[in-house]
1. Tell me, what is the FRET efficiency for A:Ile39 and B:Asp65 to the nearest 0.05, using R0 = 22 angstrom and their Cβ-Cβ distance as r?
2. Leaving ligands, DNA and RNA out of it, rank B:Glu42, B:Glu132 by accessible area with a 1.4 Å probe, largest first.
3. Quote the charge dipole size of chain A about the Cα centre in Debye, to the nearest 20; the model charges only the Cβ of Lys and Arg (+1) and of Asp and Glu (-1).
4. Given a 1.4 Å probe and heavy atoms of the protein chains only, how would you sort A:Tyr84, B:Tyr174, largest accessible area at the top?
5. Excluding same-chain pairs closer than 8 in sequence, count the lysine pairs in region B:140-217 whose Cα atoms lie under 25 Å apart.
6. Please report, for A:Ser95, the nm distances (one decimal) from its label point, 7 Å out from Cα along the beta-carbon direction, to the equivalent points in the remaining copies, shortest first.
7. So the label point goes 7 Å from the Cα of A:Phe88 along Cα→C-beta, right? Which residues of region A:151-177 then have their backbone N under 20 Å from it?
8. Does the protein assembly as shown come out rounded, prolate or oblate, given a ≥ b ≥ c as the square roots of the eigenvalues of its C-alpha gyration tensor, rounded meaning a/c under 1.5 and, failing that, prolate meaning a/b above b/c?
Number of protein chains: 2
Amino acid sequence: MKNLNIQIEVNPELYSKNPDSSELGRKIITNSIELMNEIGFESFTFKKLGLRIKSPESSIYRYFDNKHTLLLYLTSWYWAWTEYQLVFATSNISSSQEKLIRSIEILTKPVLIDNSISYVNEVLLCQIIFSESLKAYYTKNVDEENKKGCFKAYKSVVQRVSDMILEIKADFKYPHMLISTVIEGAHQQKYFAEHLPALTDLSKTKDSITQFYTELVFSLLK
Amino acid sequence: MKNLNIQIEVNPELYSKNPDSSELGRKIITNSIELMNEIGFESFTFKKLGLRIKSPESSIYRYFDNKHTLLLYLTSWYWAWTEYQLVFATSNISSSQEKLIRSIEILTKPVLIDNSISYVNEVLLCQIIFSESLKAYYTKNVDEENKKGCFKAYKSVVQRVSDMILEIKADFKYPHMLISTVIEGAHQQKYFAEHLPALTDLSKTKDSITQFYTELVFSLLK
DNA sequence: TCAATTATAATAGTATTGCTATCGTTATGG
DNA sequence: CCATAACGATAGCAATACTATTATAATTGA
């Protein structure tokens, strides 16, 4: 994985002009990830981003319709990237159990190393996913956006891991439900540990999240 | 429960003037629940609410600092109300198992009957909780608001059910984590079933959510 | 019961947000 | 070296998210 510099493809519905195609576009992505991390999605505006990259807002609007679409783009990028990771981590492994274990680890552990090759800082992006990505699909436009395929990358990841579950227990009724519960749950528990510790049982740094969800999955599949 | 007309207490940090104390205040609550359901939290403004109740926005600002605080108020109300439900549903029941089963049912099933006594429509409020309440704590002010006790009611519910888990399995390490996973998971699965069905395994109307999370909990506690 | 407080309505105003439009200049690539 | 796309600079506009002021109505408490 590390140095392959894989091209991540994002659904063209999510941009007006492909940010990957120009210097300015890549600058927009790099800096929006940083800025969103610093001030949060609500306070983030194209004006502030424009100031940061010394370009007028109107130039940013040429790439993305609005900040919501930009968030959709970032989440879509993240899930496409995660799917690559899943494929790599599970290739050439025969044991279904082992594949599932590794997948859960990828899905529940925050990214800690930025490969620094692309203009995307994966560590920061991961933090955005954990604390902002819910806002990408809890809106009144979900259905419309879903139809356009805006969530395809996420669904593809869920599907892939669901298939592993069925390899282990073919008659299990709720593979998608279980995996989306694990993914979203792990993200939330990380957030809770940092901000609402009464809702979890984690000391701030400990990464027993992966352990918890792994146990949860396998105890249910027994 | 039904006809007791219990007074729900909400943390005074969450309002400037108690909406429960005046006709206008109650009108604000009733109508904000309806309006937020209709147009969603993002599109909801005090101006629109003011038009609906035929009062100027400035009057609404006397009760709530902004729409975010109003959302916090509504979620807090919901959790306080849910805690009453939990207490009633589990009183006079000796079996810890049975108490937990009933609690999970309350936490994972959407409210379907409005008791129609108070000015709060619990069915609609429940829908807001399911699709908007995440936005109440995924903000850059969480820590500050948490300190002021804005999430006390939610935490109290989680604590109460965690205690039941420990009654069943005293050495279980992650009771809070498990319960918050169940609560948030159930809400999300309901939302997914309606809008992103690829992330779940539910036919739109079926309420196997409760069944799934009950199994999940008890298989982990075995 | 009347003065004093409080609640609300009506209105105005301001800074910021979330865009759209225009136009001149710079790249760039065929 | 010309055509066209990309970008910067600037303007402007409607909506949002408030704050402030004043007048009137309601309440209440001495």
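The values are calculated or read from the model by the stated rules, or taken from the named source; none is laboratory data. These numbers were taken from a predicted model, which means no experiment stands behind them. Cβ atoms come from the backbone with ideal geometry, glycine included; neighbour counts cover every protein chain shown. Side chains are part of the model used for accessible areas, which takes the heavy atoms of the whole protein and leaves out ligands, DNA and RNA. Shrake-Rupley method; radii C 1.70, N 1.55, O 1.52, S 1.80 Å.
1. 0.65
2. Greatest to least solvent exposure: B:Glu42, B:Glu132.
3. 260 debye
4. So the residues, ranked largest to smallest area, are A:Tyr84, B:Tyr174.
5. 11
6. Nearest first, the other copies' label points are 3.8 nm away.
7. What the label zone holds, given the 20 Å backbone N cut-off, is A:153-154, A:156-158, A:160-161.
8. Numbers: a/c = 1.92, a/b = 1.13, b/c = 1.69.
In terms of gyration-tensor shape, oblate.
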